[in-house]
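*Asks:* To start, I am sharing the structure in question, which I have written as structure tokens.
The values are calculated or read from the model by the stated rules, or taken from the named source; none is laboratory data. Since the structure is predicted, the reported quantities are computational estimates derived from the model, not experimental observations. A quick note on method: Cβ atoms are made from the backbone with ideal geometry, for glycine too, and the neighbour counts reach across all protein chains shown. The area values use the complete protein model at the heavy-atom level, side chains included, leaving out ligands, DNA and RNA. Shrake-Rupley method; radii C 1.70, N 1.55, O 1.52, S 1.80 Å.
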Amino acid sequence: MREDYKSGFVAIIGRPNVGKSTLMNHLIGQKIAITSRKAQTTRNKIQTVYTCECGQIVFLDTPGIHKAKNKLGEYMVNVASRTFKDADVILWLVEPGTQVGPGDRHIAEQLKNCKLPVILVINKVDTVKKEEVAGFIETYRKLIDFADIVPASALRAQNLDTVIDCIFKYLPYGPQFYDEDTITDQPQRQIVAELIREKALRTLDEEIPHGIAVTIDTMKERPDGRIVDIEATIICERDSHKGIIIGKQGAMLKKIGSAARFEIERMLEQKVNLKLWVKVKKDWRDSDYLIKNFGYDKKEI
């Protein structure tokens with residue numbers, strides 16, 4: 001390994017729905033974290049890997065930092081906060097604005113005593129006028145002492161090279177943690193479950209999505225290797241929600257399944273036979289046992 005090779009861990013933080021997962025997906029060039037316009041999409045810390053000639057960046061994408069309303073919410077906030085301890089650099093995403101909201105002020109308070117370099121990324125600058133960006137930078141500059149401030153657009157992949165360059169400036173010298181072809185430590189089944197949950201988030205009404213989880217019951221490749229058979233269950237909290245998820249004559253469930261199958265086939269590069277079921281587990285988000293059972297790390301609860 002070269003002496004000038006750099007490697008380290010970067011925590012991506014920010015309020016819910018600010019574009020953290022979109023940024024990470026674009027930086028590594030493949031979809032790993034699910035995205036949705038609905039807040040609190042990411043529930044686990046997702047570890048992905050960016051490798052180039054200069055070095056290796058291990059991204060820790062976290063749930064949005066917010067006020068917890070139930071045990072699942074507490075779990076998500078714990079995951080985000082504990083990620084600070086694993087990181088070498090913090091990448092804080094915010095949206096363009098001339099005023100700093102209470103959510104971002106709460107994050108700034110947590111970062112004031114942080115001894116790590118904090119890079120501020122003002123995301124979604126494609127949605128504002130170029131001449132306004134300097135004002136947004138000045139607004140946020142007053143919060144804490146940032147190592148760097150970078151305006152960017154994760155969705156449009158604008159200025160992401162600058163984001164990478166800034167990260168490498170503050171990473172320590174060290175060896176590779178992962179092989180060059182590794183892009184995530186997420187188990188394949190977990191990514192498949194998250195892709196199904198993303199399609200449900202995008203398809204269903206506002207009041208349902210945060211009350212759903214997805215479990216993979218079976219995932220087997222056929223002997224000829226051409227098709228992967230997957231059976232998955234969508235868990236919801238109410239009988240009334242189950243009816244909405246299934247839809248009239250199963251139309252909603254088919255819509256979710258069709259969209260999910262397309263994404264899963266792209267990821268696996270194989271044909272997929274996907275069967276979806278729906279089960280009710282009342283108030284599962286307030287059950288430590290069920291939260292663990294549905295794949296969330298018990299150490300974070």
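*Asks:* Return yes when residue 118 is at pLDDT 90 or above, open to solvent by less than 30 Å² (accessible area, probe 1.4 Å) and closer than 18 Å to residue 85 by Cα and no when it is not.
*Replies:* Values: at pLDDT 90 or above: yes; open to solvent by less than 30 Å² (accessible area, probe 1.4 Å): yes; closer than 18 Å to residue 85 by Cα: yes.
Yes, satisfied.
*Asks:* Related question: Filter region 156-185 down to the residues that are assigned to a loop (DSSP other than H, G, I, E, B) and open to solvent by less than 30 Å² (accessible area, probe 1.4 Å) and list them by number. Write out each step before concluding.
*Replies:* Taking region 156-185 as the starting set, the residues that turn out to be assigned to a loop (DSSP other than H, G, I, E, B) are 156-157, 159, 171-172, 174-183, 185.
Passing the criteria: 171, 174.
*Asks:* Let me ask something additional. Take residue 150 and decide whether it is in contact with a Ser or Thr (Cβ under 7 Å, 6 or more places away or on another chain), buried (at least 16 other Cβ atoms within 10 Å of the Cβ) and not in a helix (DSSP H, G or I). Steps first, please.
*Replies:* Working: in contact with a Ser or Thr (Cβ under 7 Å, 6 or more places away or on another chain): yes; buried (at least 16 other Cβ atoms within 10 Å of the Cβ): yes; not in a helix (DSSP H, G or I): yes.
Judged against the criteria, residue 150 is a match.
*Asks:* So, one more: If a residue must be of a type in the set (A, V, I, L, M), assigned to a helix (DSSP H, G or I) and touching a residue at least 24 places away in the same chain (Cβ under 8 Å), how many such residues does region 124-147 contain? Step through it out loud before you land on a result.
*Replies:* At the first step, the residues of region 124-147 found to be of a type in the set (A, V, I, L, M) are 125, 128, 133-134, 137, 143-144, 147.
With assigned to a helix (DSSP H, G or I) added as a condition, the list becomes 125, 133-134, 137.
Filter once more, so that each one left must be touching a residue at least 24 places away in the same chain (Cβ under 8 Å): 125, 133.
So the count comes out to 2.
*Asks:* For residue 125, indicate whether it is touching a helix residue (DSSP H, G or I) at 6+ places or on another chain (Cβ under 8 Å), surrounded by 18 or more Cβ atoms within 10 Å (Cβ to Cβ), among the hydrophobic types (A, V, I, L, M, F, W, C) and closer than 25 Å to residue 6 by Cα.
*Replies:* Details: touching a helix residue (DSSP H, G or I) at 6+ places or on another chain (Cβ under 8 Å): yes; surrounded by 18 or more Cβ atoms within 10 Å (Cβ to Cβ): yes; among the hydrophobic types (A, V, I, L, M, F, W, C): yes; closer than 25 Å to residue 6 by Cα: no.
No; evaluated as a whole, the condition is false for this residue.
*Asks:* Next up: Residues being open to solvent by 60 Å² or more (accessible area, probe 1.4 Å) and out of contact with any Asp or Glu (no Cβ under 9 Å at 6 or more places or on another chain): count how many of those fall in region 252-274.
*Replies:* Of the residues in that region, 6 qualify.
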